[in-house]
Amino acid sequence: MKRPYNFSAGPAAMPQEVLTQAADEMLDWPDASGKRCGMGVMEMSHRGHEFLSIYAQAEADLRELLAVPANFQILFMQGGGLAENAIVPLNLSALKKDASGRGRADFVVTGSWSEKSQQEAAKYCGNHLAASGKPEGFTRIPDAGTWKLSADASYVHICSNETINGVEFHTLPDLKALGSKAELVVDFSSHVASRGVDWSRVGLAFGGAQKNLGPAGLTLVVVREDLLGHALAICPSAFNYKTVADNQSMYNTPPTYAIYVAGLVFQWLKRQGGIAAMERANIAKAELLYQTIDGSGLYFNKVHTDCRSRMNVPFFLQDESLNDAFLAGAKEAGLLQLKGHKSVGGMRASIYNAIPLEGVQALCAYMQAFERSHG
Ligand SMILES: *Cc1c(COP(=O)(O)O)cnc(C)c1O
């Protein structure tokens, strides 16, 4: 069955092999030996040995794929990236106290998502704008050397891939080298598993699953163990990282089906050759699409070349009156969900792990044909 290519920013395309396997196992899940248990995963107790084996395998596979060091906990939570905007300050803002006796966090704002994170954190802790790409329309990441980091911040928040603005950190900042003693908190929702992570620079990373890992409803948190146990008293128990960690993410019922499907994605990633292989494929896909955009007279992308996202590629048509025709023709050609985010307009192609090179080739061929007939 040949399905259209789906360029949605999230919830986003899933590997077809994973959907096929989930469908096959929907009514009667087989264990690793192939023995069926008479239940689908949605119907299992999260405390039964069947689901516990699914959970343990998913966690081990993710740890291996992302090379998560042993002193980091992997938490499978709920609430998405936006809930983490509150959960992180509730848990980490009191790591240090500033001059006023409050915890505080520094924010590097590089697009819509980090901007939202700062606004939410302001409810729970002192917060400081260390740098902002807003004056330049979020088309580049302010050079780390210019960041105005606080001496007493508990953590510095960045969004390592801005899903809406198409801006990506290609290396994580080294806060120690910048003279900061704060922990680095990374929202990696929209490029997790597309490339490696330098954990030596990270205190905590979080991401919603629905961009690059699996179904909506699951939120991944990877946190260094010594950062657990500092939550504010008002932190809800189900969102206290230490409580979640102490209960192997089962303080309350976890999103069992989403964990199972994400686990199938992790196994698929391993079959593709792991994260290094995905990264090579993602570089090739992104290069092809940016070359097509830059080489055309009709399309353009405003992001500085050194921080263009490999995952989310916003682009615009010189003649915006052609937008509807572009989208209608794309749909006809089997290229879905290319409309840009409402806050920026234009188009956006999200080319996550599940989009093969052939999907990007099909998109580029369509873009070139559309330009020939409308340019
Ligand atoms: C999608 C996204 C979020 C929000 O995730 P929700 O699951 O909708 O809360 C946060 N940060 C980034 C970078 C995202 O791409």
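The values are calculated or read from the model by the stated rules, or taken from the named source; none is laboratory data. Keep in mind that what you see is a predicted model, and the values were worked out from it rather than measured. As a convention, Cβ positions derive from the backbone with ideal geometry for all residues, glycine included, and neighbour counts pool all protein chains shown. We work out accessible area using only protein heavy atoms, side chains counted, and drop any ligands, DNA or RNA first. Shrake-Rupley method; radii C 1.70, N 1.55, O 1.52, S 1.80 Å.
Just a few scattered comments:
- 3J(HN,Hα) along the range 110-119, derived from phi through the Karplus expression 6.51 cos²θ - 1.76 cosθ + 1.60 where θ = phi - 60°, amounts to 10, x, 4, 6, 5, 5, 4, 4, 5, 4 Hz, with x in place of Gly and Pro.
- Within the full protein context, the accessible area of Thr305 is estimated at about 100 Å² for a probe radius of 1.4 Å.
- Computed over protein heavy atoms with a 1.4 Å probe, the carbon and sulfur contribution to the accessible area of the chain reaches 53%.
- These residues, Lys123, Lys116, Lys176, go from largest to smallest accessible area, 1.4 Å probe, as Lys176, Lys123, Lys116.
- Fraction of beta bridges assigned by DSSP in the chain that are antiparallel (%, nearest 5): 55 percent
- Alpha-carbon centroids, the range 182-222 and the range 266-313: separation in whole Å: 18 Å
- Where only DSSP H runs of four or more residues are counted, the chain gives -10500 deg cm²/dmol as its mean residue ellipticity at 222 nm, each run worth -39500 (n - 2.57).
- Within a straight-line Cα-Cα reach of under 18 Å, Lys2 can be paired with the following lysines, leaving aside sequence neighbours fewer than 8 residues apart in one chain: Lys331.
- Taking θ as phi - 60° and the Karplus parameters 6.51, -1.76 and 1.60, the scalar couplings of the range 287-297 work out to 4, 4, 5, 5, 4, 5, 5, 5, x, 9, x Hz in sequence order, x denoting glycine and proline.
- Note on His191: accessible area approximately 10 square angstrom, rounded to 10, probe 1.4 Å, nucleic acids and ligands left out.
- Within the range 259-362, the trypsin sites (Lys or Arg not before Pro) that combine a DSSP coil assignment with at most 12 other C-beta atoms in a 10 angstrom radius are Lys342.
- Whether the range 1-132 is rounded, prolate or oblate, judged on the alpha carbon gyration tensor where a/c under 1.5 counts as rounded: prolate
- Ranked packing of 36-49, 228-241, most packed first, by mean Cβ within 10 Å: 228-241, 36-49
- Set of lysines with alpha-carbon distance to Lys242 below 19 Å, sequence-local pairs under 8 removed: Lys96
- Hydrodynamic radius (Kirkwood) for the chain, which is based on Cα pairs only, to one decimal in Å: 21.6 Å
- In sequence order, the range 318-334 has phi-based couplings of 3, 9, 5, 5, 8, 4, 5, 5, 4, 5, 5, x, 5, 4, 4, 7, x Hz under the Karplus curve 6.51 cos²θ - 1.76 cosθ + 1.60, θ = phi - 60°, and Gly or Pro positions carry x.
- Accessible area per residue, Å², the chain with all protein chains present, probe 1.4 Å: 42 Å²
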